[in-house]
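Structure record follows, encoded as structure tokens.
Taken together, the values in this text are just the output of simple stated rules run on the coordinates, not laboratory data. Please read these numbers as outputs of a predicted model, since none were measured by experiment. Quick reminder, even Gly has a Cβ in these numbers, built from the backbone with ideal geometry, and neighbours come from all protein chains shown.
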Amino acid sequence: MSKLLLPIFAVAGTLAAQQVVAPTPDTVGSPRGDGWGDYNLTQSFETGYRFHLVGGSTGEYRSDANYGNGLRLLGSSFAVNSKDGHGRWFDQITLNTSGLGNDPYQSAILHVEKNGLYRYDMSWRLSDYFNPGLTVAGGEHLEDTSRRLQDHDLTLLPQSHVRFHLGYSRNTEDGPALSTAQEFNLNGSAYPIFTNVRRQWNEYRMGAEAHFAGFQFTVERRWDFFKDDTPVTANGIQAAGTLTDQTVLQQFNRAQPVHGSSPGWLGNLHTRRKRWGLNARLTYVSGRNDFALSESALGVDQFGSPANRQIVVGGDARRPDLAGDLSLSYFPTDRLTIVNNTSISNNRIDGASSYSEFLTGSSLGSTIYFRYLGIRIITNSTDVNYRMADWIGFYGGYHYSDRRVKTVEGLTLPAFANSTESETYEVGNQLQSGLAGVRLRPWKAFTINFDGEIGRTNHPLTTVSDKNFQTLGGRAQYRVRKVQLSAGYRESYDFTSAFSLFSSHSRGYSASASWAPRDWFSIDASYNKLHADSSSFLAFFAGVSRPTLQAKDRSIYISNVHAANLGVRFAIRRRADLYLGYSITKDTGDGRATAVPTGTTDPIQALLDSVQTFPLTYQSPLARLSIRISPKLRWNAGYQYYGYGETFGVLGYYQNFHAHTGYTSVLWAF
């Protein structure tokens, strides 16, 4: 993983900390629940109405938030527990839901258990996904799909030494989408085409788990099946709309089914003893994929003559994957830990495909392609952690990996004798890195960490792969009962010169504070800053009259992201709870006033300058009030604002929006 991504994850974690105004986190009813025969019952339901008012780019709002109007079950919690742990059919049932009814993000989690006999877990999620597409596509690339995910796991004899597992998972995606096709003229216009997305993935699981002599052994058999039966159509007359291009697309149809299966095995062996521990895992998947594509287009070419085009593609692919891990841990003393981990993976893809094309009645022949890709990776790491005293400890490690990549590319033109060609390519590289750090604890409530890592690779596989990289960071934390403070810094640098000059650099700062001086008042705040820049060599063809090779430009990207969150909670005379929150993410870019610096006349340089940085602001204040009407009834109301603004639009297209959202609800128990 590129070291540039590590601080990005830290900022992403801060953004994820932003609260959503609904549902409310407050509770109703007795924490001990109510008696119901031999069971104890606790439950609560929050039913309410959401509203929203959007201005600006509704497509960008739907891509970011997507909350609409209507009634829904904002959240619910239901639990039934056996009082003595010996219920007749079950000992525990829990059901938690969120957003059922009209929310774009809905979920339900169910758990049912009978001590000593079975345990069943189910999760269900629905996500409405809207992507307006890049503005450079003129609004002709978009998706409005729904994804439904479900997981079922059943364990028989969950408390015994031998346990049996059964499982099933399903992932489906469906809905309308819009794309484009370019027909009859390679340099002509692109025409919108409609797709009805239909994708489905199913997995079946069966396995067993055994505990003996301090060892835990698990074996599982899996069967995965995937299919994509998305059709593509455009059955309306569409003209190029230019004086120099007479192309007309009258009819377009494409069927591109993809069906695949991936049966596999998973095994795991684990034990933990006083002075040593072991964890071994082995996975094997035998994947197979069959695909076919049939495409036909009917219309008029750029010169005004009737044209038709048919393309047929078919083939199969095999993908056997083998991965294994062995981790050995040693604990010679209570203050020293040594961990050695060895991993190996071997992934292969091989298969043949054929391509045939007919243009206006003329056969352009068929081509048979063959490709083999094999990737073998062996890694080994040793990490040592030594606590010299209660207030100071050291840790360090050495990591090594060896990668070998082999490809075979071949093609055959059946219409031409002796046209078979085959080329084999093989490349490998080794990565070595060392890390070291120190942990300090001057007093019980205060800890400090410092760490660094240096890595070297002899042959990076791509222009952006790690070669010479280094990281340096530290973190300090102070924690007592009512106050928590933390701050951190991390810097990463990577330089690669395998195929072209590439460098990336990032710096990340973070700080957070939590203070609860009274039972009725608390405040939480956090701030993160991430600076990231990268530079790489570019080579491409461009030109007005005749494209020529351009090799003097560079790809540059600069970002300075500031992300902050603030939340304050008040309890008012034990009858009401008020929460106020604010979050903002702001990318200041490199500080330039315009996307293209004044005085730039070269059109290529102007295009590159316009995509070097994307300053923008995203902010969301919110307020939520919850009033306790009775021990089993609460009334809630909330408001949340979303504001998104781009300083520079992509090629002049801005996707700015502002949205006022809110809700009112009743949280009740019976």
- Item | At q = 0.17, 0.21 Å⁻¹, base-10 log of I(q)/I(0) for the stretch 206-347 (Debye sum, equal scatterers on each alpha carbon) | -1.00, -1.18
- Task: Specify the angular offset, from 0 to 90 degrees and rounded to the nearest 10, of the alpha carbon long axis of helix 5-16 from the longest principal axis of the alpha carbons in the chain.
- Result: 60 degrees
- Query: Amide H of Asp91: which non-local residues (sequence gap of 5 or more, or other chain) have their own amide H closer than 5 Å, using H built in the peptide plane?
  - Reply: Glu113, Lys114, Asn115
- Query: What number in nm² do you get for the stretch 350-457 if you take the convex hull of its Cα atoms and divide its surface by four?
  - Reply: 12.4 nm²
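Using only Cα atoms, what is the ratio of the radius of gyration of the stretch 159-270 to 2.2 N^0.38 Å?
1.87
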- Message: Using a 7 Å offset from Cα along Cα-Cβ at Ala436, what residues in the stretch 444-464 end up with backbone N under 17 Å from the label point?
- Response: 449-456
- Item | Length gained when the stretch Asp383-Asp228 is fully extended (0.36 nm per residue, less Cα-Cα span) | 51.4 nm
- Message: Suppose we keep just the alpha-carbon trace of the stretch 76-119; what are its Rg and Dmax in angstrom?
- Response: 13.3, 40
- Task: Work out Dmax and Rg for the stretch 545-670 from the C-alpha atoms and quote the Rg first, both in angstrom.
- Result: 23.6, 79
- Note on the structure: Note: Asn196 to Ile604 extended length (0.36 nm per residue) minus current alpha-carbon separation gives 143.1 nm
- Message: Modelling each spin label as a point 7 Å along the Cα-to-Cβ direction, I'd like the His270/Leu566 distance in nm, to one decimal.
- Response: 4.4 nm
- Item | Lysine pair count for the chain [Cα-Cα under 30 Å; pairs on different chains or 8 or more apart] | 18
- Over the alpha carbons of the chain, what is the largest minus smallest coordinate on each principal axis, giving the biggest first in Å? 82, 61, 61
- Modelled FRET efficiency - R0 25 Å, Leu373 with Thr172, Cβ distances, 0.05 increments: 0.30
- Query: Points 7 angstrom from Cα along the Cβ direction at Ser514 and Ala623: gap in nanometres?
  - Reply: 2.6 nm
- Item | Separation of the Ser354 and Tyr527 label points, Cα + 7 Å toward Cβ, nm | 6.7 nm
- Query: Once fully extended, how much extra length lies between Lys444 and Asn656, figured as 0.36 nm per residue of separation less the alpha-carbon to alpha-carbon distance?
  - Reply: 71.5 nm
- Note on the structure: Per-residue ellipticity at 222 nm attributable to helices in the chain (runs of n ≥ 4 DSSP H, -39500 (n - 2.57) apiece, nearest 500 deg cm²/dmol) works out to -1000 deg cm²/dmol
- Note on the structure: Nearest-0.05 FRET efficiency for Ala292 and Arg221 at R0 = 22 Å, using Cβ-Cβ distance, is 0.15
- Message: When 1/r is averaged over all different Cα pairs and the result inverted, which Kirkwood radius in Å belongs to the stretch 352-410?
- Response: 17.0 Å
- Item | Computed over the chain: relative contact order in percent, which uses C-alpha pairs under 8 Å that are six or more apart | 10 percent
